[in-house]
Amino acid sequence: MLKLSKLATAVALVVAGSAAVAGEVEVLHYWTSGGEAKSVAELKKIMQAKGHVWKDFAVAGGAGDNAATVLKSRVVSGNPPAAAQIKGPAIQEWAAEGVLANLDATAKAEKWDELLPKVVADVMKYKGNYVAAPVNVHRVNWMWANSAVLKKAGVTSTPKTWDEFFAAAEKVKKAGLIPVAHGGQNWQDFTTFESVALGVGGTKFYNDALIKLDEKALTSATMTKVLETFRKIKGYTDAAAPGRDWNLATAMVIQEKAAFQFMGDWAKGEFSAAGKVPGKDYICAAAPGTSNAYTFNVDSFAMYKLKDAGAQKAQGDLAASIMGTEFQEVFNLNKGSIPVRLNMKMDKFDDCAKTSAKDFVDTAKSGGLVPSVAHGMAIKPAAEGAIKDAVSQFWNDDKISVADGVKNIAKAAATK
Ligand code: GAL
């Protein structure tokens, strides 16, 4: 194995035509769906063009739960990958372990402080030093809809409130189609749940209950309303949802089997990969009641401390490439997200991305910009895991009353 990788490095050196600059980068990620794989392939291409050897370390599983487990075991055994897709508070936790490489040299040379929104730069830094490179901004509070299915069901306008949504869902059901495409992992349940919390309770409630984990907000009448609404949505999903991957749920919308999906805009990567056009084949709209708010989810790569000089050089190049204009454009066109780098041209992007870019800036000013809990942007992994489990238990077991659901979630939020 070692011999092989040495040989590959040597070949890359010859190809690059320069000595001692190329290296191997092993990149741990979980981008394995159609749209995701197309996106990450662009990064591989850029790195290969710089003469580096890309060692793909893809661990399937939406939202990266499986990848996080594999990463832990690799780092603990003293054999970390060169780069891993991690984000939010998890970056800080890894940095505190002293295993992340300092990216300041690249960040300074490339002027990251000027090119990133401060809210993003802060997450990428540990004690003032850059330890991760951001890739994109995903918006999580989206609702996707198939235009033909809505037409068939006689739904003439996109629902903007939860009442309108349930009226539309009822029509779709009557037309013999599945109103809501849903999958079966706790992060998928929570993606829907946090959009409901935001839509029913508003930004202040979202912040108090899900970010500050304030007990009063968590046990309030608003929370009861949130769980009632959440449970009502479940009634419009199909019986085969448990265990289903998110991209297969998106495929149900693409293939006109289902009307709606609540999912972040990586779902748009699937629509794009299937050749579908927004505004024509499908609709992107903020989840009911959330058009003035924006749950953000920033993907990023942290680099792990490695001794090999070639690998270090490759890590620097990877970090610089990630923040470069070429990658920021082509990756995000495929991924469904928007560039995280400020002042990028948006002319090649579709209307959903343009709306997302505008709303990102507007909500940052209005206070409606909030981190996604479902996607690891807001709270420490231990509490996040516990709340997700409590929410999923409620979702999966109709025998748990709303009152008990509220109690269980509040209890889980106290996990340290
Ligand atoms: C999110 C991640 C996205 C997307 C999605 C499904 O957490 O930020 O990039 O890949 O999971 O895997």
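The values are calculated or read from the model by the stated rules, or taken from the named source; none is laboratory data. Every value quoted in this text rests on a predicted model; they were computed, and no experiment measured them. Backbone-built Cβ (ideal geometry, glycine too); neighbour counts: all protein chains shown. With ligands, DNA and RNA removed, areas are computed over all heavy atoms of the protein, side chains included. Shrake-Rupley method; radii C 1.70, N 1.55, O 1.52, S 1.80 Å.
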Can you tell me which residue among Asp359, Asp398, Asp347, Asp389 is more than 16 Å from the ligand (Cβ to nearest atom), in a loop (DSSP other than H, G, I, E, B) and touching a residue at least 24 places away in the same chain (Cβ under 8 Å)?
Asp398
Conditions first: (1) of a type in the set (A, V, I, L, M, F, W, C); (2) within 24 Å of Ser147 (Cβ to Cβ); (3) part of a helix (DSSP H, G or I); (4) open to solvent by less than 50 Å² (accessible area, probe 1.4 Å). Ala314 passes all but one, so which condition is the exception?
(2)
Say whether the condition of being over 21 Å from Glu326 (Cα atoms), assigned by TED's automatic domain parsing to the domain that holds Tyr304, more than 13 Å from the ligand (Cβ to nearest atom) and buried (at least 21 other Cβ atoms within 10 Å of the Cβ) is met by at least one residue in segment 49-71.
yes
Select, from Ala382, Ala374, Ala309, Ala319, the only residue that is open to solvent by less than 30 Å² (accessible area, probe 1.4 Å) and either at pLDDT below 95 or touching a Leu at 6+ places or on another chain (Cβ under 6 Å) (or both).
Ala319
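Can you pull out every residue in segment 122-154 that is assigned to a loop (DSSP other than H, G, I, E, B) and either at positive phi or open to solvent by 20 Å² or more (accessible area, probe 1.4 Å) (or both)? Even if it seems obvious, please write down each step before you answer.
Residues of segment 122-154 assigned to a loop (DSSP other than H, G, I, E, B): 127-128, 131, 135, 140-141, 154.
Scanning segment 122-154 gives Lys127, Gly128, Gly154.
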Lone qualifier among Ala84, Ala101, Ala37 - being closer than 17 Å to Lys305 by Cβ, under 23 Å from the mean Cα position of the chain (by Cα) and open to solvent by less than 50 Å² (accessible area, probe 1.4 Å):
Ala84
